[in-house]
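Chemist: I have a structure I would like to understand better, so I am pasting it below and will then ask my questions one at a time.
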Amino acid sequence: MIELGALERTLKRLAREGRRRVIVDFSEVTTLSTLAVGGFVICAEWFRSNGGEMTITGISRSLRDAFRMIDSDGRIKQQTDIVAAIKAMSPRSIEKEG
């Protein structure tokens, strides 16, 4: 179970530090409540609205379906693995951090 308070604090800390690209790997997560998925989407949207770029990777089929249902607008980018997520990051944000 994701502890949403810790996630929110971490995202805010990363934003304060000037970090703009985050990849969250769900490969070891087997289940999440709908509430946790919704909370994650809210945290991710806050990060994105503050100039960040977030991608999730390694999600199971059931989690993918939950994210699609709750994040129907596709605000959170999804990639199959970390390498694909890195390659899919926007060049603009890479230049800013690089």
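Chemist: Working out 0.36 nm times the residue gap between residue 3 and residue 87, then minus their Cα-Cα distance, what length gain in nm do you get to one decimal?
Modeler: 27.4 nm
Chemist: Keeping all protein chains in place, calculate the accessible area per residue for the chain (probe 1.4 angstrom), answer in Å².
Modeler: Spelled out: the 1.4 Å probe surface of the chain, per residue, equals 63 Å².
Chemist: Would you mind telling me the share, in percent, of accessible area of the chain contributed by carbon and sulfur at probe 1.4 angstrom?
Modeler: In the chain, the share of accessible area belonging to carbon and sulfur is 52 percent.
Chemist: For the chain, take the longest principal axis of its alpha carbons; what is the angle in degrees between that and the long axis of helix 34-49, to the nearest 10 within 0 to 90?
Modeler: So the inclination is approximately 10 degrees.
Chemist: Contact order normalised by length for the stretch 1-76, with contacts defined as Cα pairs under 8 Å and 6 or more residues apart; what percent is it?
Modeler: This gives 39 percent for the stretch 1-76.
Chemist: When the label point is put 7 Å from the Cα of residue 12 along its Cα-to-beta-carbon vector, which residues of the stretch 40-56 have a backbone N closer than 17 Å?
Modeler: Answer for the stretch 40-56: 40-52.
Chemist: Still on this structure, please answer the following. On alpha carbon coordinates alone, what is the Rg over Rh value for the stretch 34-78, Rh being the Kirkwood radius?
Modeler: 0.94
Chemist: Also, I was wondering about something else. If N is the number of residues in the stretch 23-98, what value comes out of its Cα radius of gyration divided by 2.2 N^0.38 Å?
Modeler: Scaled against compact globular proteins, the figure is 1.09.
The values are calculated or read from the model by the stated rules, or taken from the named source; none is laboratory data. What you are looking at is a predicted structure, and each value in this text was computed from that prediction instead of being measured. We place every Cβ from the backbone using ideal geometry, glycine too, and count neighbours over all the protein chains shown. The accessibility values were calculated without ligands, DNA or RNA, using every heavy atom of the protein model including side chains. Shrake-Rupley method; radii C 1.70, N 1.55, O 1.52, S 1.80 Å.
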